[in-house]
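Notes for the one structure printed next.
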Amino acid sequence: MSGSPVERPGLLALAGVPSERIAAWLDRAETFLAGGDAPRADFGGQAPLAGRIVAHLFMEDSTRTRLAFEVATMRLGGRVIAATAAGSSISKGESLLDTARNLAAMGVDAIVVRTAASGGAAQIAQRLDVPVVNGGDGRHEHPTQALLDLLTLRRAMGSLKGVRVGIVGDIANSRVARSDVHGLRALGAEPVLIGPPTLVPRTLSGLATATGGPPIEIEHDFDRVLPSLGAVVMLRMQRERAAADAVAADYPKGYRLNRERAAKMPDRAPILHPGPVNRGYEIEPEVADDPRRSLVLRQVGHGVAVRMAVLESMLSA
Ligand code: NCD
């Protein structure tokens, strides 16, 4: 669908994916939710992934993404097999690509990949004849996370046209931020990248120019910009990707979303976080759990629905 020079029905990145395609996935995900926040699906004996096997190749830790892909596959009537770094021959030095080649040789129908290597999912997709879904590759992209963020925002706010969405924190190391920027732009929203200069350098304003967009707004003063934001996506400090430790101690003073800061946003402006949440660091527990504003757990249920939509679109006969 994107990213790979050879057109195959995978999902590697949201950059360059047409807005109609994104909207179609979100619309389909909505039908699975049918008024609730976690999907139920009754295909009346004709499950779209019946007989299909989805292989998980997760080389970095994951809770929500891995399990949501698993639930999504099962709800669609398919099955999941999993290779993780610890329990596979990766621990003996076998490469991700060789592991993926072996999964393909077994005849699996799709591979969901998570890797610390930016571009790692595309490398596999270019060499194998199996659809590959990127479950997060280094600092590059995390397209299904962005789809679930978009679905959550769309359900909460209706249209995203013209809505200023603050993405706050360790943007430099965040694949979620990159996919969110492309997805938000595709649906007509205005992403604003917020954080200290070490984590949000001005060069990031060029993030979307490759796909033809104007420069992205960069803001280092969270308090100043808060009243203009229609929603915020709070991010975790990606210490595993060497987020600048120098800023870590000072970070909460300027950027932690506490009650005072949340009150500066328009009433009921949604608060999102991809998880895992470091309670008390980037967000106060009272805000993360505020039933009026926080959509953090709804995001998780929506994550199953969007992955159902993506898997169905590429694997159903
Ligand atoms: C994110 C990831 O792994 O990129 N988490 C997720 O998939 N829900 C963000 C993070 O780890 O902070």
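In the range 158-267, which trypsin sites (Lys or Arg not before Pro) are in a loop and have at most 12 other Cβ atoms within 10 Å, using DSSP for the loop call? Within the range 158-267, the qualifying trypsin sites (Lys or Arg not before Pro) (loop, at most 12 other Cβ atoms within 10 Å) are K161. FRET efficiency for S316 and R64, Cβ-Cβ distance as r, R0 = 30 Å, nearest 0.05? The calculated FRET efficiency here is 0.80. Only Cα pairs under 8 Å and 6+ residues apart enter the sum, and on that basis the relative contact order of the range 110-243 stands at 22 percent. Residue separation of Q46 and S118 scaled by 0.36 nm, minus their Cα-Cα distance, works out to 22.2 nm of gained length.
If contacts are Cα pairs under 8 angstrom and at least 6 residues apart, what is the relative contact order of the chain in percent?
The value is 21 percent.
Taking a Cβ cut-off of under 13 Å around P270, the surrounding Lys, Arg, Asp and Glu residues balance to a net charge of +4, with basic ones at +1 and acidic ones at -1.
Site pair R79 and H220 shows an inter-label distance of 5.6 nm when each label is modelled 7 Å from Cα along Cα→Cβ.
Between R239 and S95, full extension at 0.36 nm per residue minus the direct alpha carbon distance yields a gain of 49.4 nm.
For the range 143-299, what is one quarter of the convex hull surface built on the Cα atoms, given in nm²?
Across all orientations, the range 143-299 yields a mean hull projection of 8.2 nm².
The HN-Hα couplings worked out from phi for the range 98-104 by the Karplus form 6.51 cos²θ - 1.76 cosθ + 1.60 (θ = phi - 60°) are 5, 4, 4, 4, 5, 5, 5 Hz, whole numbers, x standing for Gly and Pro. Positive contributions from Lys and Arg (+1) and negative ones from Asp and Glu (-1), summed over other residues with Cβ under 12 Å from the Cβ of R307, come out at +2.
Every number in this text was worked out from the coordinates using simple rules, so none of it is lab data. Only a predicted model underlies this, so the values are computations on that prediction, with no experimental measurement involved. Don't worry about glycine lacking a Cβ; one is built from the backbone with ideal geometry, like all the others, and counts go over all protein chains shown.
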